[in-house]
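The values are calculated or read from the model by the stated rules, or taken from the named source; none is laboratory data. Everything quoted here is computed from the prediction, not taken from an experiment. Using ideal geometry, Cβ is built from the backbone for each residue, glycine included, and neighbour counts are taken over all protein chains shown. The accessibility values were calculated without ligands, DNA or RNA, using every heavy atom of the protein model including side chains. Shrake-Rupley method; radii C 1.70, N 1.55, O 1.52, S 1.80 Å.
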Amino acid sequence: LDSKAFRTALIGWYKSNRRELPWRETNDPFLIWVSEIMLQQTQVNTVIPYFQRFVQVFPNLAALKRATQQDVLSVWQGLGYYRRAKNLLAAAKSLKTVPNTFSELLALPGIGRYTAAAIASIAFGERCAVVDGNVERVISRLCCIDESGSKLKRKCETVSQFAMSDVNPGDWNQALMELGATICRPLEPRCDKCPVAKFCNANRTASQSKYPMAKPTAKPIKLIHACVCPVHQGKVGLCKVASGQWWDGMWQFPRTEVEASETPLAAAERLGFADLKGLLIVKHSVTRYSITLHSFVAKLKNQRRDLKWFGQDSISELPMPAPQRKVAEALRQTVIST
Ligand code: ADE
């Protein structure tokens with residue numbers, strides 16, 4: 001991307017194809033600030049009428065400083081995310097002029113890296129890269145960046161900051177945003193209309209749909225448990241889950257973890273039962289854990305003191321962990337002949 005030809009193609013396209021937007025007709029830092037706050041999490045077309053109304057009522061910082069929160073909220077009414085309006089007003093009240101650097105802007109309430117970079121580059125020409133979702137998509141495709149999440153964001157910032165070279169930073173950033181919004185769309189990008197298609201690695205390798213890569217979901221932690229359903233004279237033995245453990249206070253069939261070195265059956269035998277017959281395997285996910293519970297039926301009464309014996313019908317009243325409940329249901333379906 002670090003070539004004069006790339007910059008010329010991108011900026012040339014932007015200058016002749018950019019959408020006419022009210023905040024693109026001004027250099028006033030106050031108006032650009034307001035527009036960038038409104039554009040957080042909100043589409044361009046939704047923002048336009050709100051922006052126009054806002055700047056009629058509050059044409060400059062001095063006018064906004066005189067407003068009450070109620071005044072600002074009533075103009076913001078319908079745009080959503082009202083926290084933005086409150087932060088905007090709070091920031092305005094603390095200022096004499098709109099700060100003219102990225103780092104001072106970043107210190108204001110409601111302004112993150114993305115918005116600080118947008119205002120600093122568009123209003124003051126500071127050489128800082130704006131990376132929003134659109135820009136991430138554009139750059140991850142141009143460079144085939146095999147990263148996601150915050151690593152991708154940081155890489156895109158570095159690439160963009162370096163590649164913008166000596167072009168006008170506000171034009172550069174808005175050109176990348178505009179390209180992402182209108183050409184380099186998430187689905188079915190219009191590569192045939194793209195001014196920089198010939199520089200694009202995803203286009204060259206037909207891998208546009210691979211980028212930006214989805215953030216991998218955290219790998220679940222796998223747990224394998226075994227439990228035994230003791231059955232004696234038509235009754236079923238359960239014990240209470242010890243306090244401090246998961247499912248504290250609920251009722252369960254005697255259960256243990258299956259160690260990596262043993263089979264589920266061997267683990268179940270450790271619980272002190274004999275004559276075990278496999279019943280059901282239950283899979284259950286909670287938060288980051290994926291639990292596989294192997295259940296067995298034991299037809300012999302054992303010596304454990306912690307067991308309480310219940311009739312099949314009274315079990316449905318007891319609080320039980322979800323996977324244990326499934327085991328109890330399966331046990332009920334099984335004809336018990338003891
Ligand atoms: N989204 C955020 N800032 C923008 C801008 N200045 N132009 C277009 N889309 C934007």
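Quick check: is even one residue across segment 135-144 part of a helix (DSSP H, G or I), within 15 Å of the ligand (Cβ to nearest atom) and open to solvent by 10 Å² or more (accessible area, probe 1.4 Å)? Checked against the condition, which is being part of a helix (DSSP H, G or I), within 15 Å of the ligand (Cβ to nearest atom) and open to solvent by 10 Å² or more (accessible area, probe 1.4 Å), segment 135-144 yields at least one hit.
Condition check ((1) open to solvent by 70 Å² or more (accessible area, probe 1.4 Å); (2) within 13 Å of the ligand (Cβ to nearest atom); (3) basic (Lys, Arg); (4) in contact with a Gly (Cβ under 7 Å, 6 or more places away or on another chain)) across all residues:
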| position | (1), (2), (3), (4) |
| --- | --- |
| Trp23 | no, yes, no, no |
| Thr26 | no, yes, no, no |
| Phe30 | no, no, no, no |
| Ser35 | no, yes, no, no |
| Ile48 | no, yes, no, no |
| Phe51 | no, yes, no, no |
| Val57 | yes, no, no, no |
| Arg66 | yes, no, yes, no |
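Applying the criterion of being touching a residue at least 60 places away in the same chain (Cβ under 8 Å) and more than 18 Å from Gly272 (Cα to Cα) to the residues of segment 247-257, the residue that is surrounded by the fewest Cβ atoms within 10 Å (Cβ to Cβ) is Gly249. Under the condition of being of a type in the set (A, V, I, L, M, F, W, C) and surrounded by fewer than 22 Cβ atoms within 10 Å (Cβ to Cβ), the residues counted in segment 178-193 number 4. Can you tell me which of (1) free of Cβ contacts under 8 Å to residues at least 12 places away in the same chain; (2) of a type in the set (Lys, Arg); (3) under 24 Å from Gln333 (Cβ atoms) is the one Arg305 doesn't meet? Of everything listed in (1) free of Cβ contacts under 8 Å to residues at least 12 places away in the same chain; (2) of a type in the set (Lys, Arg); (3) under 24 Å from Gln333 (Cβ atoms), Arg305 misses just condition (3). In segment 21-118, counting only helices (runs of 4 or more DSSP H) that sit wholly within it, the ones holding 3 or more residues that are farther than 22 Å from Glu157 by Cα span 29-38, 44-57, 61-65, 69-76, 83-93. For Asp166, which of the numbered conditions (1) farther than 16 Å from Asp2 by Cβ; (2) without any contact (Cβ under 8 Å) to a residue 60 or more places away in the chain fails to hold? All conditions are met except number (1). Among the residues of segment 212-238, those identified as open to solvent by 30 Å² or more (accessible area, probe 1.4 Å) and part of a strand (DSSP E or B) are Ile221, Lys222, Leu223, Ile224, His232, Lys235.
The residues on offer are Lys277, Lys326, and the sole one that is open to solvent by 80 Å² or more (accessible area, probe 1.4 Å), without any contact (Cβ under 8 Å) to a residue 60 or more places away in the chain and in contact with a Phe, Trp or Tyr (Cβ under 8 Å, 6 or more places away or on another chain) is Lys277. Kindly check whether there is at least one residue in segment 183-196 that is within 16 Å of the ligand (Cβ to nearest atom), within 19 Å of Ala120 (Cα to Cα) and not β-branched (Val, Ile, Thr). No: segment 183-196 contains no residue that is within 16 Å of the ligand (Cβ to nearest atom), within 19 Å of Ala120 (Cα to Cα) and not β-branched (Val, Ile, Thr).
Assess whether Lys15 counts as being within 16 Å of the ligand (Cβ to nearest atom), at pLDDT 95 or above and loosely packed, with under 14 Cβ neighbours inside 10 Å. In short, yes.
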